[in-house]
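Each reported figure results from applying straightforward, stated rules to the coordinates on display, with no laboratory input. Please read all numbers here as calculations on a predicted model, not as lab measurements. Here the Cβ is made from the backbone with ideal geometry for all residues, glycine too, and neighbour counts use every protein chain on show.
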Amino acid sequence: MAGLIDQIEPLKQTALAELKAAPDPAALEQTKGAWLGANGKFTALMKQLGMLSKAEKPAAGKLINAAKVELEAALAERRSELELKAALPKEPTDFTLPGRRRALGKLHPLTQVTEDIVRAFRKLGFAVADGPEIEDEYHCFDALNTPADHPARDTQDTFYLASGSEDNSPSPGGEGRGEGGRKSLLLRTHTSSVQIRVMKSQPPPVRIIVPGRVYRRDNADATHNPTFQQIEGLYVDKGVTVGDLKGTVEFVFKELLGRDVKIRFRPHYFSYTEPSFEIDFSNALVKKLGKDWLEIAGCGMVHPQVFENVGYDPEVWTGWAFGFGIERIAMIRYGINDIRLFYENDVRFLKQF
Ligand code: DAH
């Protein structure tokens, strides 16, 4: 049956041409079926092998198998060609088009002011310390000589979180007087709590500043926001005086707000310092606001009871502390009249700094 052998080559050529011409994956699968499927034309040819004589069979079988291998290779090749084609973009790409520019961001004005303050204190050898925003009553108030019934607590109402345990047994990790069991958690009202954490974790001397976010239960208006930022300072050593405090504050404010800055201390009350002062400052910016002085910070000499609470000997160690609001300084520096602008994240506002 010489006819069968002669049919192989032309059939193969037609099949190869059809496979290569298939325009898409679906058409390719169809072509495959038409030739190599159960009822395909090439399969039919293989079925006829059995009708050949014993002498013809091996040669014909070899030819058919070789052709089949070739068809399958062509099929696989066309398949990957079509896959590649599908992955390419439909429209030609114009590589000469300008790219999409991403606007360059900036640091938030509060971050800029904070960094400037930190830089000024670094010049004097202060290190930056950190503490938790979710605090307990002990670190935020009690250890700072402000017990639960102290009137100063009224001015620093805050947001209380579900308290841990209210029992009065000393907690296993409790480190000192008054701490046992007082586990009422709150959002810290000031960065002063970090004074306690730092002094409890290291022996004197101490020279730190603490920038950080604080919270109060205040209604927002032009000068109040329930969230704001403070910088705390703490200096503990032997023979520290109010003069050191005043010189330090003056140096930093001159760095921040200009050489013409003047500083004034007014007596005040804070439970964790004695004596205590409020700091006023004056310069051309203040005069522009039609004022002579602006209140800017609280400060004082660390109260001996606070030293007792952290285990420092108040007969040996002396120190001062201060705290001020960062927004206030940023508002003066940039002439901003509403504190809420810092927290609205309106890029039209933020872009200006
Ligand atoms: N913690 C005070 C406040 O939030 C500010 C302050 C006053 C901090 C006196 C101090 C200090 O360290 O000695 O209003």
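Name the residue farthest towards the positive end of the dipole of the chain from the options Gly258, Ala143, Thr93, assuming +1 on Cβ of Lys and Arg, -1 on Cβ of Asp and Glu, about the Cα centre.
Result: Thr93.
What whole number of Å gives the distance from the Cα centroid of the stretch 1-75 to the Cα centroid of the stretch 95-120?
68
Taking the Cβ of Gln13 as the centre, find all other residues whose Cβ is under 13 Å away and add up their charges (Lys, Arg: +1; Asp, Glu: -1).
-1
Which net charge results for the neighbourhood of Leu341, defined as the other residues with beta-carbon distances under 11 angstrom from its beta-carbon, given Lys and Arg at +1 and Asp and Glu at -1?
In short, -2.
Give me the percent relative contact order of the chain, please, defined on Cα pairs under 8 angstrom at least 6 residues apart.
Contact order relative to length: 14 percent.
Assuming 0.36 nm per residue, please report the length gained on full extension of the stretch Glu29 to Ala76 beyond their Cα-Cα distance.
15.8 nm
Determine Rg/Rh for the stretch 6-108; Rg is computed over alpha-carbon atoms and Rh is the Kirkwood hydrodynamic estimate from the same atoms.
1.39
Angle, helix 242-257 long axis vs. longest principal axis of the chain, Cα atoms, 0 to 90°, nearest 10?
Between the helix axis and the principal axis of the chain, the angle is about 40 degrees.
Suppose R0 equals 25 Å. What FRET efficiency, 1/(1 + (r/R0)^6) with r the Cβ-Cβ distance, do Leu88 and Gln13 give to the nearest 0.05?
So the FRET efficiency works out to roughly 0.25.
Taking a ≥ b ≥ c as the square roots of the Cα gyration tensor eigenvalues, with a/c under 1.5 meaning rounded and otherwise prolate when a/b beats b/c, else oblate, which class fits the stretch 109-350?
Judged from the Cα gyration tensor, the stretch 109-350 comes out oblate (a/c at least 1.5, b/c at or above a/b).
Net charge within 14 Å of Ala44 by Cβ-Cβ distance, Lys/Arg positive one each and Asp/Glu negative one each, not counting Ala44 itself?
Result for the local shell: +4.
In nm, give the distance between the simple-model label positions of Thr43 and Asp130, each being 7 Å from the Cα along the Cα-to-Cβ direction.
Result: 6.9 nm between the two label points.
Roughly what angle does helix 109-123 make with the longest principal axis of the chain, taking Cα atoms, 0 to 90 degrees, to the nearest 10?
Helix 109-123 sits roughly 60 degrees off the main axis of the chain.
How far apart, in nanometres, would the label points at Asp154 and Ala103 be if each is projected 7 angstrom from Cα along the Cα-to-Cβ direction?
4.7
Would you list which lysines come within 24 Å of Lys54, measuring only between C-alpha atoms, while excluding same-chain residues fewer than 8 positions from it?
Lys12, Lys41, Lys62, Lys68
Which of the aspartates and glutamates could a cross-linker bridge to Lys246, judged by Cα under 18 Å and excluding same-chain residues fewer than eight apart?
Partners within reach: Glu232, Asp237, Glu255, Asp260, Glu274, Glu278, Asp280, Glu295.
From the residues Ala222, Ala59, Ile332, which one has its Cα farthest along the dipole of the chain in the positive direction, the dipole being from +1 and -1 charges on Cβ of Lys/Arg and Asp/Glu about the Cα centre?
Going by the charge dipole, the pick is Ala59.
Please go through the stretch 116-160 and write out the chymotrypsin sites (Phe, Trp or Tyr not before Pro) that DSSP classes as loop and that have at most 15 other C-beta atoms within 10 Å.
Phe159
So what's the angle, to the nearest 10 degrees on a 0 to 90 scale, between helix 2-21 and the longest Cα principal axis of the chain?
30
If the only charges are +1 at each Lys and Arg Cβ and -1 at each Asp and Glu Cβ, what is the size of the charge dipole of the stretch 2-85 around the Cα centre, to the nearest 20 debye?
About 300 debye.
With charges set only on the Cβ (+1 for Lys and Arg, -1 for Asp and Glu), what does the dipole of the chain come to about its Cα centre, in debye to the nearest 20?
Rounded to the nearest 20 debye, it is 1720 debye.
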